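Reading through the structure tokens given below for one structure.
Coordinate-derived values only; no laboratory data. All values reported here derive from a predicted model rather than from experimental measurement.
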Amino acid sequence: LSERLSGVFDRLTKQGALSDEDVKTALREVRVALLEADVSLPVARDFVKAVQEKATGQAVTKSVTPGQQVVKIVHDTLIDVLRGEGEPGALKIDNPPAPILMVGLQGSGKTTTTAKLAKRLKDRDGKRVLMASLDVYRPAAQHQLEVLGKQIGVDTLPIVPGQKPADIAKRAKQQATMGGYDVYMLDTAGRLHIDEVLMDEVQIVRDIATPREILLVVDGLTGQDAVNVAEEFDSKIGITGVVLTRMDGDGRGGAALSMRAVTGKPIKYVGLGEKMDALETFEPERIAGRILGMGDIVALVEKAQETLEAEQAERMMRRFQKGQFNMNDLKMQLEQMMKMGGMESIMGMMPGMAKMSKQVQEAGFDDKVLKRQIALIQSMTKKERANPALLQASRKKRIAKGAGLEVSDLNKLLKMHRQMADMMKKMGKMGKGGMLKQAMK
Ligand code: GDP
Ligand code: MG
């Protein structure tokens, strides 16, 4: 019995509009998935809230569970958030020589990305590119860029020992103009952490070069930290885009969402390895799948959903066994009937209901009748719905009037409710006593 009943409740919860509870349960899992994917806590929280508002009340597609539906909404929202405006990977590099400033923490992949991007601009767009390293702190840094330049066939600004970053920026600008370059790229020095000196230095360089693009290079494996870095660089320097490196690692890419949420700036490229051609245009769909781990989460959400449904069904069964079948229960059944194509189909599914099914048929149940009955229940107060025994003459009149119907209509509904409640009680008791067969008769 409970199996068949729960089959009905299965359908109850699996159809119609997404309830608050459906959405909340599913989103709890989504939030965990986001955090596991290294999305920063405040960003995950905001994101989940946005999805909740979007999802609640949305109709559930027939063939999917609310959980799947929520995941789809999450997935779509994620792609929306991740996708910036404009063409993916596009750079403002008209008006030669166009300066591109590369900023970020030490070890984030600035130098590597500078070379990768230079190669891409040269190979794909046929641009003449000049690269300059402004990293005067690590002795090998300028040399590193020079080596990469030779490797990819891109010119680097000759190294002059003892120069300050500002001097190098001026020289790069000069050389790019005189040498007829389309683009010049400034690879700045990073720090292990954000500090004032670094920011001041980058600001000075920025004001000299007035770059068309200021790209923040962020290690895609950093989670929570990425947010502070992005916030700081964007507010102090004003970035135009983000490059996420190390997306070839096992990180789940949560930094992408954090970056977008915090800066609102587009993610232009992702670094997918140490090789010079391991740079790709950012694709929101790919990252969204990775962040959510779609397969995982659908399973997770479904599991959560099953538990929820089982709990609900059990709770209802317990109430029915105690003979509690109130107007709210009836209303739910009636609404379900409307969705499921009439009374008969649902009655047919409930053991012991065949008798009533006939009765119902005779009463000529159709959508119109169901709608009227629902209207009557809606016209009741909360107390009345929970306890229909309260309904004496004056209340009946009020309710019927509220629904635009007659008291006789309400009496019919009440009679039906009593019959159903009796039936539920009997079935419940028998179910408890293990006398299922009798109930089936
Ligand atoms: P910088 O200090 O910001 O200039 O960082 P570097 O460009 O010197 O990069 C630091 C290290 O990260 C180097 O060993 C790079 O080869 C490596 N690296 C940079 N980008 C990527 C990437 O997308 N994937 C992987 N696996 N390694 C990268
Ligand atoms: Mg470097």
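Within the same chain, aspartates and glutamates fewer than 8 places from K236 are excluded, and of the rest, those with a Cα less than 12 Å from its Cα are D195, E196, D200, E201. Around the amide H of E213, modelled in the peptide plane, lie the amide H atoms of L101, all under 5 Å away and 5 or more residues distant in sequence or on another chain.
Annotation: amide H of L157 within the under-5 Å range of M131, A132, S133, sequence separation 5 or more or interchain, hydrogens built in the peptide plane.
Converting phi to 3J(HN,Hα) with the Karplus coefficients 6.51, -1.76 and 1.60 and the offset θ = phi - 60°, the stretch 203-211 yields 4, 4, 4, 4, 5, 6, 8, 5, x Hz in sequence order, with x at every glycine or proline. In the structure shown, the pairs K116/K173; K116/K268; K24/K368 are assessed against 24 Å; a Cα-Cα span above that value is assigned to K24/K368. Around the amide H of V242, modelled in the peptide plane, lie the amide H atoms of L216, I267, K268, Y269, all under 5 Å away and 5 or more residues distant in sequence or on another chain.
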